[in-house]
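Scroll down for the structure; my scribbles are underneath it.
The values are calculated or read from the model by the stated rules, or taken from the named source; none is laboratory data. In this text the structure is predicted, and so the values were computed from the model without any measurement. Every residue, glycine among them, receives a Cβ derived from its backbone with ideal geometry; neighbour counts consider all protein chains shown.
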Amino acid sequence: MRFTVLSSGSKANCTFVEAAGKRFLVDCGLSGKQAEERLRSVGIAPESLEAILVTHEHQDHINGVATLSRRYGLPVYANERTMERIKKPRGREIFNTGQDFCVGPVEVTPFSIVHDAVDPVGYVIRAEGFRLCMLTDLGRVTTLVQEHVRGANAIVLESNHDLEMLQSCSYTWELKQRIASAHGHLCNEAAGQLLEEIMHPELFHVVLGHLSENSNTPNLALECANRYLKRCADRAGGLRTLLCGNVYESLPTLELDEPHPAKVLVNA
């Protein structure tokens, strides 16, 4: 299994996954053209995609979904309420939140998260003995979330804002309240606390995602995550990668394979 965060932030979110011979996207907030360019930049032919999985209906997650679906004949997987808000995809594969489904040999568990969308989900993607968890756009960490992300070998985890920066940034009071609410976005501290809670020796890759350009910085997000990781250092020996996603360029492709000595890659 391998994955590439093509874009992650308040403007556009899109992740490429290859597992058990299947190639698909989780969300596509990039335009169709931008997604094609990002895929080609990491050596992936857009026509080799086989599906798109959607977490929720906000534009920064579905902007290019219908375009790519029609252009390449891709089925779109989403729950019913989310699918209603995706305009004219080529194929519709509707799942029930909480019930596993398959993309070929790849098993996917969609689980409920708390966010201001109609029926938002996170995903646990399982193949080849590995578990990748996609967990962005949530206002708080629930017991259900904790249960599903335990045992992940890789996680894309929201670390949207720094609380102090959020309060002092130029957003309106109403927007600040929405972001900080239980149905908004996860702050750096909450992301760090979850990492400490779920860390285990075979969690190899952590990508901090959906960073706000107005109320966060990569340095703040990484410093916070590292502070919590130090508190569970006895369980973090397998961690190879800690990165922040961004909307301007793709991250390196991250592989899930046999464990090897830790080599932590951190960006600034």
So residue 210, is it modelled with pLDDT of 95 or more, at positive phi and not basic (Lys, Arg):
yes
Select from region 199-220 the residues that are β-branched (Val, Ile, Thr) and buried (at least 22 other Cβ atoms within 10 Å of the Cβ) and list them in ascending order.
206, 207
Restricting to region 221-247, give me the number of residues that are part of a helix (DSSP H, G or I) and surrounded by fewer than 19 Cβ atoms within 10 Å (Cβ to Cβ).
8
Do you know which residues across region 83-129 are surrounded by 15 or more Cβ atoms within 10 Å (Cβ to Cβ), among the acidic types (Asp, Glu) and within 25 Å of residue 183 (Cβ to Cβ)?
116, 119
Restricting to region 42-85, name every residue that is in contact with a Ser or Thr (Cβ under 8 Å, 6 or more places away or on another chain) and of a type in the set (A, V, I, L, M).
42, 44, 52, 54, 76
